[in-house]
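Quick note: the coordinates plus some simple rules give every number you see, no bench work behind them. Because the structure is predicted, anything quoted here is derived from the model rather than measured. Quick reminder, even Gly has a Cβ in these numbers, built from the backbone with ideal geometry, and neighbours come from all protein chains shown.
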Amino acid sequence: MKIIVIYKSKTGFTKRYAQWIAEELKCDMVSYEKVSAASIAEYDCVIYGGGIYAGKIGGLKKIKPLLANKPKTKFIVFATGATPSAAEEVINTTWKVNFTEEELEEVPHFYMQSGLSYEKMGFFDRLMMKAFSKMLSKKEDKSTEEVGTQLAIIRSHDISSKEFIEPIVKFVRLQR
Ligand SMILES: Cc1cc2nc3c(=O)[nH]c(=O)nc-3n(C[C@H](O)[C@H](O)[C@H](O)COP(=O)(O)O)c2cc1C
């Protein structure tokens, strides 16, 4: 099975996960910016990864149509984010925002917690995070998940780990 990992990464977290997955599966890897329908035509399996920005998986909207008329190509998605892996409800909401009900059943999807890098963020993203952080800190009656998020986004952190790729790697190996 010919596999390619495509990634969209602003601050490097998704790229690192894409590299780990491609190394483990010994397959090709390319950045989102270089992808066209023609360039992925030869692959049996396309693994797409993007960072989550305000609930949206970066680049997924552009990738989906490239796979739309290729029923034989296995399409798998992973998303990286600062949401703690234990916050299942938040992560499930993210999937529902990014996929239709049909897609949710058809497209295997995996979440990998990564972190946050204020140093590598662009100006507007930094502004947005600071505003979000301030809004959360002012909010009364925060849920446990909101308290967790508030603490997580105060500063840059990196908890990405190669072990988080295990479920997706296992899944792909079972397809072979
Ligand atoms: C403006 C902004 C919005 C973000 N929104 C979310 C979010 O909704 N959910 C989440 O889990 N992480 C969120 N994050 C954290 C990123 O998803 C996380 O750092 C991700 O791994 C970035 O991937 P990249 O470095 O490959 O672009 C956000 C980060 C920024 C800068």
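Below are the figures for this structure:
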read-out: For segment 132-176 and segment 36-79, distance of Cα centres in Å; value: 22
read-out: Interatomic Cα distance distribution for segment 110-170, bins of 10 angstrom, percent; value: 20, 40, 30, 9, 0
read-out: Cα-projected label distance for Asp44 with Ile159, points at 7 Å along beta-carbon direction, nm; value: 3.7
read-out: Cβ-based charge dipole, segment 97-176, positive-most Cα from Thr149, Phe110, Val172; value: Thr149
read-out: In segment 111-161, the trypsin sites (Lys or Arg not before Pro) that fall in loop regions by DSSP, at most 11 other Cβ within 10 Å; value: Arg155
read-out: Among beta bridges that DSSP assigns inside the chain, antiparallel share in %, nearest 5; value: 15
read-out: Cα gyration tensor category, rounded, prolate or oblate, for segment 18-62 with a/c compared to 1.5; value: oblate
read-out: Reach of Lys120 by Cα under 15 Å, taken over aspartates and glutamates that are not fewer than 8 positions away in the same chain; value: Asp158
read-out: Loop sites in segment 24-101: trypsin sites (Lys or Arg not before Pro), DSSP, at most 15 other Cβ within 10 Å; value: Lys26, Lys72
read-out: Lys, Arg +1 and Asp, Glu -1 on Cβ, resulting dipole of segment 21-97 about Cα centre, debye, nearest 20; value: 400
read-out: Greater than 30 Å apart at Cα, pairs in Lys26/Lys130; Lys15/Lys70; Lys64/Lys134; value: Lys26/Lys130; Lys64/Lys134
read-out: Contact order normalised by residue count of the chain, Cα under 8 Å, 6+ apart, percent; value: 22
read-out: Helix-only [θ]222 nm of the chain, DSSP H runs n ≥ 4, -39500 (n - 2.57) each, per residue, nearest 500; value: -12500 deg cm²/dmol
read-out: Magnitude of the charge dipole, the chain, Cβ model with Lys/Arg +1 and Asp/Glu -1, debye to 20; value: 620
read-out: Percent of C-alpha pairs per 10 Å bin, the chain, short to long; value: 9, 38, 35, 15, 4, 0
read-out: Principal-axis tilt of helix 123-138 within the chain, Cα atoms, nearest 10 degrees; value: 50
